[in-house]
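What follows is a set of notes on a single structure, which appears directly below.
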Amino acid sequence: DQQVKQNSPSLSVQEGRISILNCDYTNSMFDYFLWYKKYPAEGPTFLISISSIKDKNEDGRFTVFLNKSAKHLSLHIVPSQPGDSAVYFCAASAINNNDMRFGAGTRLTVKP
Amino acid sequence: NAGVTQTPKFQVLKTGQSMTLQCAQDMNHEYMSWYRQDPGMGLRLIHYSVGAGITDQGEVPNGYNVSRSTTEDFPLRLLSAAPSQTSVYFCASSRLAGEETQYFGPGTRLLVL
């Protein structure tokens with residue numbers, strides 16, 4: 001069963017606009033959430049994370065929002081840049097649990 | 001620091017053959033893990049280790065073996081390859097398990113015919 005779901009396989013936005021990537025989870029035990037970015041032929045790289053005690057975490061152009069009651073998180077990229085074009089994976093884990101679950105990924109294309 | 005390294009980058013196997021995917025990290029990380037990436041499935045955890053001498057199964061462990069004799073190395077063994085194991089394999093490490101971001105290697109693309 002997929003406990004972390006990214007229902008949009010792809011997203012295309014114009015340079016300078018906002019990109020919003022969404023992620024839903026089913027396991028209420030998850031309390032730590034991460035976003036990874038992946039370029040072709042490379043391994044994923046960490047982008048931003050959020051603990052369940054927060055509802056927002058910001059790092060430069062990247063902001064992650066967490067809605068625990070809806071079991072939903074989103075990644076906002078403002079403004080989007082062509083270099084942001086990549087596959088974005090949402091991931092979640094539970095405290096004291098070594099099993100991190102990933103979503104299927106969303107391919108973001110930022111057009112100049 | 002080289003970070004997390006994986007060899008080989010690409011491998012073709014015949015059904016039934018065995019092979020070992022190598023993974024090494026030079027960051028003195030305690031936690032290491034193996035994932036496979038398949039289209040539409042994201043990254044799925046195969047096996048992980050929280051320290052030398054300790055390994056455990058992840059979400060999709062069948063058909064794979066691991067060992068952790070040193071902190072640096074975490075090889076993944078396919079004892080009898082099957083076409084269903086065609087995938088891209090990523091090794092990752094982090095300082096500790098749990099609430100820690102992981103550093104990923106560049107991946108090994110495996111094709112089983």
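Annotations for the structure displayed:
- Segment A:26-40, residues that are more than 7 Å from chain B (Cβ to nearest Cβ), closer than 23 Å to A:Ile77 by Cα and touching a residue at least 12 places away in the same chain (Cβ under 8 Å): A:Asp31, A:Phe33, A:Trp35, A:Tyr36, A:Lys37, A:Lys38, A:Tyr39
- Contact map, segment B:91-113: first residue facing another protein chain (nearest Cβ under 8 Å), second residue crowded, with 16+ Cβ neighbours inside 10 Å and of a type in the set (D, E, K, R), Cβ cut-off under 9 Å, separation 6 or more or different chains; pairs are B:Ala97/B:Glu30; B:Glu99/A:Asp31; B:Phe104/A:Lys38.
- Of the strands (runs of 3 or more DSSP E) entirely within segment B:1-107, those holding at least 3 residues that are within 22 Å of A:Ser49 (Cα to Cα) occupy B:31-38, B:42-51, B:87-94.
- Per-region count, segment A:80-101, residues surrounded by 17 or more Cβ atoms within 10 Å (Cβ to Cβ), more than 9 Å from every other protein chain (Cβ to nearest Cβ) and not in a loop (DSSP other than H, G, I, E, B): 5
- Between A:Phe65, A:Phe33, the distinction of being surrounded by 13 or more Cβ atoms within 10 Å (Cβ to Cβ), aromatic (Phe, Trp, Tyr), assigned to a strand (DSSP E or B) and in contact with an Asp or Glu (Cβ under 9 Å, 6 or more places away or on another chain) belongs to A:Phe65 only.
- Restricting attention to segment B:25-52, the residues that are open to solvent by less than 30 Å² (accessible area, probe 1.4 Å) and touching a strand residue (DSSP E or B) at 6+ places or on another chain (Cβ under 6 Å) add up to 16.
- In segment A:68-79, the qualifying residues are those that are open to solvent by 50 Å² or more (accessible area, probe 1.4 Å) and aliphatic (A, V, I, L, M), and the one that is farthest from the other protein chains (Cβ to nearest Cβ) is A:Val78.
- Any chance B:Phe10 is touching a Leu at 6+ places or on another chain (Cβ under 9 Å), within 11 Å of chain A (Cβ to nearest Cβ) and buried (at least 21 other Cβ atoms within 10 Å of the Cβ): no
- Among the candidates B:Pro106, B:Pro61, residue that is surrounded by 14 or more Cβ atoms within 10 Å (Cβ to Cβ), modelled with pLDDT of 95 or more and either aromatic (Phe, Trp, Tyr) or in contact with a Gly (Cβ under 6 Å, 6 or more places away or on another chain) (or both): B:Pro106
- Taking first residues from segment B:50-66 that are closer than 24 Å to A:Val4 by Cβ and partners that are part of a strand (DSSP E or B) and aromatic (Phe, Trp, Tyr), the Cβ contacts under 7 Å between residues at least 6 apart in sequence or on separate chains come to B:Val50/B:Tyr31; B:Asp56/B:Tyr48; B:Gly58/B:Tyr48; B:Val66/B:Trp34.
- Segment A:41-60 residues that are more than 7 Å from every other protein chain (Cβ to nearest Cβ) and free of Cβ contacts under 8 Å to residues at least 24 places away in the same chain, paired with ones that are assigned to a loop (DSSP other than H, G, I, E, B) and of a type in the set (Phe, Trp, Tyr) (beta carbon under 8 Å, 6 or more apart): A:Ser52/A:Phe30
- Residue satisfying condition, being under 12 Å from the mean Cα position of the chain (by Cα), open to solvent by 10 Å² or more (accessible area, probe 1.4 Å) and either closer than 22 Å to A:Lys37 by Cβ or of a type in the set (Ser, Thr, Tyr) (or both), within set B:Thr5, B:Thr86: B:Thr5
The values are calculated or read from the model by the stated rules, or taken from the named source; none is laboratory data. Quick caveat: nothing in here was measured; it's all calculated off a predicted structure. Cβ: placed from backbone, ideal geometry, glycine included. Neighbour counts: every protein chain shown. For the accessible areas, the whole protein counts, side chains as well, though only heavy atoms, and no ligand, DNA or RNA atoms are used. Shrake-Rupley method; radii C 1.70, N 1.55, O 1.52, S 1.80 Å.
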